[in-house]
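Okay, so here's the structure we're looking at.
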């Protein structure tokens, strides 16, 4: 459910790449108004110079457009901290099928004068209209950022670490991501990335972002001491410098890239109750047996969002028939969602 941008049959393809201008930015309110073709990373760099950040951050930020992000209601790495686009998008300009322009490009934080029309276009994937401009609320850039890369020997320990993290880090917690040992092996094999800690069954990326480095360092130190002393975490490293932070984040963000080198990839973006996330990976491995080359799990623990990826040497109809509808039935059984943050490729 994450290939919606790939044309297959007779789709009409619209490009917004020339619509790439920032319209306005209010440094008092932090509200950015821009055209839909702005690349997410370019917007992030623009805001960084003004001491603000985008509330949305994705592995594909170097190429994805903000209009497409809104049209699919993309989630990303920091939904745990800043919420979804449904909460941060304040207004939209949309072109309807008959060519009329719907101007809802408001910059108000509060407006209860009627139906909130922009919400029906967020996540509609262009089926109701084409988004051409966006106004979005952007938070201040944190003054202190720390990233911890930790290892756990069971998913239960990972979940307990997450619970402890929420309690002890509270308001400075901005991301809690995970990848399994199979992902790490693929990163080492295909991308030649180095594991900065000892071998573990699961790896966690935790980011804190706050306004007081001393306060944040103390909270993070106390948290790490607690999870290490209780044996929830077996090994770890912490980064405060930009280069090391980037290196640690790359171990999570480049998993998808590593998978492309492993063969044909079947990708699923599932939302589940947090305690059930990795059960799907284990059950899928048992269900497929030797049919698949690799079955891996990684994603956003803080949001209950699993990226389930299955690789094979080539496109295999028999393997796909074994995956589907099994993956959908399993997800439905546990009252999850088969499309957590990328849209359903509506037609």
message: Among the residues that make up region 268-275, is at least one of them loosely packed, with under 14 Cβ neighbours inside 10 Å and in the same structural domain as residue 213 (by TED's automatic domain parsing)?
response: no
- prompt: Taking region 16-45, which residues are touching a residue at least 24 places away in the same chain (Cβ under 8 Å) and assigned to a helix (DSSP H, G or I)?
  reply: 40
- line: Of (1) over 23 Å from residue 82 (Cα atoms); (2) in contact (Cβ under 8 Å) with a residue 60 or more places away in the chain; (3) part of a helix (DSSP H, G or I); (4) touching a strand residue (DSSP E or B) at 6+ places or on another chain (Cβ under 7 Å), residue 302 satisfies every one except (1)
query: Checking residue 142 against (1) modelled with pLDDT of 95 or more; (2) in contact with a helix residue (DSSP H, G or I) (Cβ under 6 Å, 6 or more places away or on another chain); (3) under 30 Å from residue 71 (Cα atoms); (4) not in a helix (DSSP H, G or I), which test does it fail?
result: (2)
- request: Restrict the check to region 315-331 and report whether at least one residue is outside any helix (DSSP H, G or I) and either touching a residue at least 40 places away in the same chain (Cβ under 8 Å) or crowded, with 18+ Cβ neighbours inside 10 Å (or both).
  value: yes
query: For region 81-116, what are the residues that are within 23 Å of residue 26 (Cα to Cα) and part of a loop (DSSP other than H, G, I, E, B)?
result: 83, 84, 105, 106, 107, 108, 109, 110, 111, 112, 116
message: Looking at region 162-199 only, could you name the residues that are part of a helix (DSSP H, G or I) and closer than 21 Å to residue 296 by Cα?
response: 162, 181, 182, 183, 184, 185, 186, 187, 188, 189, 190, 191
task: Report, by residue number, each residue of region 161-193 that is out of contact with any strand residue (DSSP E or B) (no Cβ under 9 Å at 6 or more places or on another chain) and either more than 18 Å from residue 226 (Cβ to Cβ) or in contact (Cβ under 8 Å) with a residue 12 or more places away in the chain (or both).
output: 164, 168, 170, 188, 189, 190, 191, 192, 193
message: Can you tell me which of (1) farther than 25 Å from residue 196 by Cβ; (2) touching a helix residue (DSSP H, G or I) at 6+ places or on another chain (Cβ under 6 Å); (3) modelled with pLDDT of 95 or more is the one residue 284 doesn't meet?
response: (2)
message: List the residue pairs whose Cβ atoms are under 6 Å apart, where the first residue sits in region 208-233 and is free of Cβ contacts under 8 Å to residues at least 60 places away in the same chain, the second is crowded, with 21+ Cβ neighbours inside 10 Å and outside any strand (DSSP E or B), and the two are 6 or more positions apart or on different chains.
response: 219/169; 223/169
task: Tally the residues that are within 28 Å of residue 140 (Cβ to Cβ) and assigned to a helix (DSSP H, G or I), restricting the search to region 202-257.
output: 24
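The values are calculated or read from the model by the stated rules, or taken from the named source; none is laboratory data. Here the structure is a predicted model, which means the values were calculated and not measured. Cβ: placed from backbone, ideal geometry, glycine included. Neighbour counts: every protein chain shown.
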